[in-house]
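Report on the structure given below.
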Amino acid sequence: MKAFSDLTSLLPHQHQKGVVSVSEQLEETVDYIKKLQEKVEKLKHKKKCLMEVVSENSTTPGLKTPNIINITVSGSALDVVLTTGRDYQFMFARVVRMLHEEGADVVNASFSVVNDTVFHTIHSEVNGERGPEHEAARICERLRKFVCDVA
């Protein structure tokens with residue numbers, strides 16, 4: 001039983017009413033570990049994309065603005081901040097199109113330019129049969145792959 005209490009002490013505290021069975025706690029533990037594994041994979045992918053940009057910039061005379069995408073999901077809200085160089089402004093339209101293709105409703109989209117860097121901001125709402133979190137995860141993966149492949 002000590003191993004079980006050690007395991008549950010490592011999990012984020014959840015405020016639950018009533019007594020939770022050991023099997024339910026183990027199920028929650030498995031779900032939590034799976035979410036952590038997904039997060040690790042996303043971070044590895046982001047690192048790979050950033051390392052490719054750094055590698056490309058180190059061999060290219062005159063640094064160029066890397067294409068970077070940051071995505072935040074909160075409930076059904078999916079916010080995208082895309083940073084590109086002026087030569088990659090087409091990516092903004094493509095990302096908006098991809099969101100529409102995936103069934104997300106774009107609530108607001110804008111951009112601003114500072115020197116040779118363009119900051120694109122897209123606020124969208126995710127709806128889906130399998131739930132907003134699942135749909136958002138799928139959309140995020142597609143957007144990250146697109147930005148990484150273009151870089």
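Quick notes on this structure:
- Scanning segment 78-106 for residues that are surrounded by fewer than 16 Cβ atoms within 10 Å (Cβ to Cβ) and either assigned by TED's automatic domain parsing to the domain that holds LYS42 or within 12 Å of the chain's Cα centre (by Cα) (or both) gives ASP79, VAL81.
- Selection from segment 1-22 of residues that are hydroxyl-bearing (Ser, Thr, Tyr) and either assigned to a loop (DSSP other than H, G, I, E, B) or modelled with pLDDT of 85 or more (or both): SER21
- Yes/no for PHE146 being farther than 22 Å from HIS45 by Cβ and among the aromatic types (Phe, Trp, Tyr): no
For (1) modelled with pLDDT of 90 or more; (2) touching a Lys or Arg at 6+ places or on another chain (Cβ under 6 Å); (3) not aliphatic (A, V, I, L, M), each residue gets a yes or a no:
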site	(1), (2), (3)
ILE68	no, no, no
LEU78	no, no, no
THR83	no, no, yes
TYR88	no, no, yes
ALA104	no, no, no
ASN108	yes, no, yes
PHE111	no, no, yes
VAL114	no, no, no
THR117	no, no, yes
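- Set GLU133, GLU56, GLU141: member being modelled with pLDDT of 80 or more, surrounded by 12 or more Cβ atoms within 10 Å (Cβ to Cβ), among the acidic types (Asp, Glu) and outside any loop (DSSP other than H, G, I, E, B): GLU141
- Screening segment 67-115 for residues that are in a helix (DSSP H, G or I) and among the hydrophobic types (A, V, I, L, M, F, W, C) and picking the one that is farthest from VAL126 (Cα to Cα) gives PHE90.
The values are calculated or read from the model by the stated rules, or taken from the named source; none is laboratory data. All of these numbers come straight from a predicted model, not from anything done at the bench. Note: ideal-geometry Cβ built from the backbone for every residue, glycine included; neighbour counts use all protein chains shown.
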